[in-house]
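The values are calculated or read from the model by the stated rules, or taken from the named source; none is laboratory data. The model shown is predicted, which means the values in this text are computed figures rather than measured ones. We place every Cβ from the backbone using ideal geometry, glycine too, and count neighbours over all the protein chains shown.
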Amino acid sequence: MIKFESVNKKYHSGETALEDISVTIENGDFVFVVGTSGAGKSTLLKLITREILPTSGHIYFNDQDILKIPRSKVPILRRRIGTVFQDFKLLLTKTVFENVAVPLEVLSQKESTIEREVSTVLEKVGLLEKANSFPLQLSGGEIQRTAIARAIVSKPEILLADEPTGDLDPKNSLDIVRLLEKINQDDKTIVIMATHNAQVVNHFKKRVIVLDKGKIVKDEKEGKYETS
């Protein structure tokens, strides 16, 4: 569970990114966080990973106030969270298999464990046959599926996806969100996807939290995102 209590975030420039955010996301939820550019979507995700800190308020992860975690323990928090970015952040000199293996290598897992877990997750995302390919040999959809595989290989409790379909065509966009939906359903992973893609949001009929100028203006189960 993720819980925001009266969270505000104001940057040093004076810009208010989030204002009085109070929201609870339960275990097993799939949530679209939507809004125009600058609405506060990415800021909200960065607060969950403690990449940035709020100006005021509290953020809880399974009843633990993450703002009270010592800085030395923040990496342990982040191991429980998988993150997928619009710009992929894959290592171009490593194969698909090697890219996906990175989180397990950081955790000093045995080679046999890495082989098993990476193969399993590549099969889940439909890329087992591309294990020895390099990122520049992949399509846009395959690159994003590789990034998702890397994000889930260590079995996170939460998967954050920041505009994961931003550079993809409509078909690949729907395929990527179907994969996120499968991960959510099969593994009971909380999925929080920030997007401005109304077509994707309205196709899947999930919970929708709409941000506008840093405020939550709508929070609906099976909601819609209407753009002006």
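Summary table below
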item: Residue in region 153-170 that is in contact with a helix residue (DSSP H, G or I) (Cβ under 8 Å, 6 or more places away or on another chain), over 26 Å from residue 38 (Cβ atoms) and surrounded by 22 or more Cβ atoms within 10 Å (Cβ to Cβ) present; result: yes
item: Flag if residue 142 is within 22 Å of residue 194 (Cα to Cα), part of a helix (DSSP H, G or I) and either of a type in the set (D, E, K, R) or modelled with pLDDT of 95 or more (or both); result: yes
item: Residue check for residue 30: surrounded by 14 or more Cβ atoms within 10 Å (Cβ to Cβ), at pLDDT 95 or above and closer than 23 Å to residue 141 by Cα; result: yes
item: Complete set of residues in region 1-45 that are in contact (Cβ under 8 Å) with a residue 12 or more places away in the chain and aromatic (Phe, Trp, Tyr); result: 4, 30, 32
item: Pick from region 89-119, criterion under 19 Å from residue 158 (Cα atoms) and among the β-branched types (Val, Ile, Thr), ranking: surrounded by the most Cβ atoms within 10 Å (Cβ to Cβ); result: 100
item: Scan of region 204-221 for residues that are touching a residue at least 24 places away in the same chain (Cβ under 8 Å), hydrophobic (A, V, I, L, M, F, W, C), out of contact with any Lys or Arg (no Cβ under 7 Å at 6 or more places or on another chain) and over 23 Å from residue 182 (Cβ atoms), ordered by number; result: 216
item: Cβ-Cβ under 6 Å pairs, at least 6 apart or on other chains, region 173-201 side of a type in the set (D, E, K, R), far side not in a helix (DSSP H, G or I); result: 188/28
item: Matching residues, region 46-64, being in a loop (DSSP other than H, G, I, E, B), touching a residue at least 60 places away in the same chain (Cβ under 8 Å) and over 14 Å from the mean Cα position of the chain (by Cα); result: 62, 63
item: Enumeration of residues in region 41-100 that are among the hydroxyl-bearing types (Ser, Thr, Tyr) and under 19 Å from residue 31 (Cα atoms); result: 42, 43, 49, 60, 83
item: Filter result for the condition that a residue is buried (at least 18 other Cβ atoms within 10 Å of the Cβ) and either among the polar types (S, T, N, Q) or modelled with pLDDT under 95 (or both), over 86, 137; result: 86
item: Residue tally, condition among the hydrophobic types (A, V, I, L, M, F, W, C) and not in a strand (DSSP E or B), over region 19-45; result: 3
item: Matching residues in region 100-139 - criterion: being farther than 17 Å from residue 82 by Cα, in a loop (DSSP other than H, G, I, E, B) and not basic (Lys, Arg); result: 108, 109, 126, 127, 131, 132, 133, 134, 138, 139
item: Matching strands (runs of 3 or more DSSP E) fully within region 168-228 where at least 3 residues are hydrophobic (A, V, I, L, M, F, W, C); result: 190-195, 207-212
item: Of the criteria (1) under 15 Å from the mean Cα position of the chain (by Cα); (2) aliphatic (A, V, I, L, M); (3) under 25 Å from residue 217 (Cα atoms), which one residue 77 fails; result: (3)
item: Residue that is over 14 Å from the mean Cα position of the chain (by Cα), of a type in the set (A, V, I, L, M) and under 26 Å from residue 19 (Cα atoms), where the choices are 192, 209; result: 209
